[in-house]
Every structure is written in C-alpha cells, then in structure tokens.
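None of the figures in this text is laboratory data; all of them are computed from the coordinates on show. Small disclaimer: the values here were computed from a predicted structure and weren't measured. Here the Cβ positions follow ideal geometry from the backbone for every residue, glycine too, while neighbour counts run over all protein chains shown.
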Amino acid sequence: TQLLEQSPQFLSIQEGENLTVYCNSSSVFSSLQWYRQEPGEGPVLLVTVVTGGEVKKLKRLTFQFGDARKDSSLHITAAQPGDTGLYLCAGEPSGNKLVFGAGTILRVKS
Amino acid sequence: GAVVSQHPSWVICKSGTSVKIECRSLDFQATTMFWYRQFPKQSLMLMATSNEGSKATYEQGVEKDKFLINHASLTLSTLTVTSAHPEDSSFYICSASRASGSHEQYFGPGTRLTVT
C-alpha cells in the first residue's frame with residue numbers, strides 16, 4: 001500500500017504569516033494533486049504537478065513536486081482568513097486511483 | 001468545465017431503510033467515478049471505483065452488498081446504502097475522471113447522510 005504522509009495535521013496562524021504543508025512518500029507518483037476543502041463541501045482541485053522538480057504558482061500559493069516525484073509541498077505566502085480550510089494532497093501511483101494524505105486543517109486568524 | 005453534482009446534498013433516514021445518492025458529471029463524460037466516505041476533520045477514504053458499464057471495484061473492508069454502486073452512463077453513477085444503520089452516517093463524496101486526458105478527479109459537493 002502506498003502511503004502519503006502529510007504534515008502538519010493542524011496549523012493555526014495569524015493573518016499575514018507564511019506556512020508550508022508537506023506530503024512525503026517512499027513511493028513514486030506519476031502525478032500529485034492538491035485540494036482545498038471547506039466544511040460541508042467537496043474538495044476543490046488547486047493544482048496538479050506531474051514533472052519532477054516542477055514548481056507551480058497560484059497567486060499566493062506555491063506548489064513544488066520533488067525531483068524524485070515522491071514528495072510535494074504547498075507554501076502559502078501572507079495567509080489570509082479566506083485560506084482557512086482542509087488541504088489535501090493526493091498522489092496518483094499509476095492508473096487512475098488516488099492515494100490521499102491525512103489532510104492539514106489550516107486556520108488563519110485575523 | 002469539469003463540474004460534478006451530487007443529489008441529495010443531505011438526507012436523513014430511519015434505520016433499515018435504503019438511500020440512493022446520485023453523482024453526475026455535468027459538462028464532461030466520465031469513464032470512471034469514485035465514491036469516498038469522509039469522517040469529520042479527516043481525509044477521504046476511497047470506498048469503490050466505478051467504471052461505466054461494468055461492475056464496481058470495492059476497496060478492502062467495504063461491503064459491496066451494503067453499498068450498491070451502479071454506473072449506467074458516462075455521466076451518472078449512483079450509490080445506494082442498503083439497510084442503513086446509524087454507523088453509516090457520514091459524508092459521502094463522489095468524484096469523476098474524464099474519459100480522456102489526465103486522470104485528475106473532480107469532486108462533487110458531497111452528501112451528508114444521517115441515519116436515525
């Protein structure tokens with residue numbers, strides 16, 4: 001079973017601070033996706049990374065895929081209360097099934 | 001594009017009854033749909049993978065006779081929770097993968113099931 005270890009599980013920060021969420025595995029993934037989910041709603045796809053070493057930016061969010069395609073990180077600059085939510089990483093080992101990390105609950109206080 | 005809907009968004013039922021949840025891809029064709037279960041403040045747990053026109057593949061520990069899945073068309077999959085019990089209360093989420101191209105999954109808004 002391929003596992004994705006996501007950390008931290010919970011993060012509470014002040015508005016304006018920076019943060020990084022990590023997803024690590026001993027397995028190689030053909031792609032890795034990051035989702036954000038708000039209570040009572042389904043996850044919303046933020047980004048997909050497919051190439052080792054790839055870096056993608058989405059406004060204040062920076063996503064990186066490790067060179068060996070075993071790990072990924074999400075960095076948020078100057079967090080805002082609207083960034084509050086559950087962040088999930090999900091890796092695609094092969095085929096079309098996703099392996100999800102445990103999730104990071106982010107709370108940004110104003 | 002890539003919008004997935006679920007119906008109903010929430011449902012309350014009595015123990016012993018069955019509940020059907022629909023998952024539709026509104027603007028694309030989905031050869032594969034997935035059903036997940038999620039407990040509060042936890043990640044998604046894959047229950048089964050549903051391919052159009054064939055039997056669903058269930059994850060280990062998921063009872064296929066209790067969670068009936070039908071994927072009758074490229075835009076619709078249904079999950080029926082049979083003889084529901086309070087422990088089946090949960091947030092059920094479906095996702096759909098396009099018929100071609102990448103394997104990105106697009107999620108529905110979820111269905112909150114409460115069994116009394």
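Points worth noting:
- At 0.890 mPa s and 25 °C, Stokes diffusion of the protein assembly as shown via Kirkwood alpha-carbon radius, µm² per second: 136 µm²/s
- Computed E for A:Gln80/A:Ser7 - FRET, C-beta separation, R0 30 angstrom, nearest 0.05: 0.85
- Basic side chains Lys and Arg get +1 at the Cβ, acidic Asp and Glu get -1 at the Cβ, and with that the dipole of the protein assembly as shown about its Cα centre reaches some 180 debye.
- For A:43-52, mean number of other protein chain Cβ atoms within 10 Å: 3
- Dipole magnitude of chain B about its Cα centre (Cβ charges: Lys, Arg +1; Asp, Glu -1), debye to nearest 20: 160 debye
- Net charge contributed by nearby residues that have their C-beta within less than 15 Å of B:Cys94 (K/R +1, D/E -1): +1
- Per-residue mean of C-beta atoms belonging to partner chains within 10 Å, peptide B:82-93: 1
- Global form of chain A, assessed from the alpha-carbon gyration tensor, a/c cut-off 1.5: prolate
- In a reduced charge model with +1 at each Lys and Arg Cβ and -1 at each Asp and Glu Cβ, region A:33-99 shows a dipole moment near 140 debye about its Cα centre.
- Too-long pairs where the Cα-Cα distance tops 19 Å, listed order kept, from B:Lys20/B:Lys66; B:Lys41/B:Lys66; A:Lys97/B:Lys55; B:Lys20/B:Lys64; B:Lys20/B:Lys55; A:Lys97/B:Lys41: B:Lys41/B:Lys66; A:Lys97/B:Lys41
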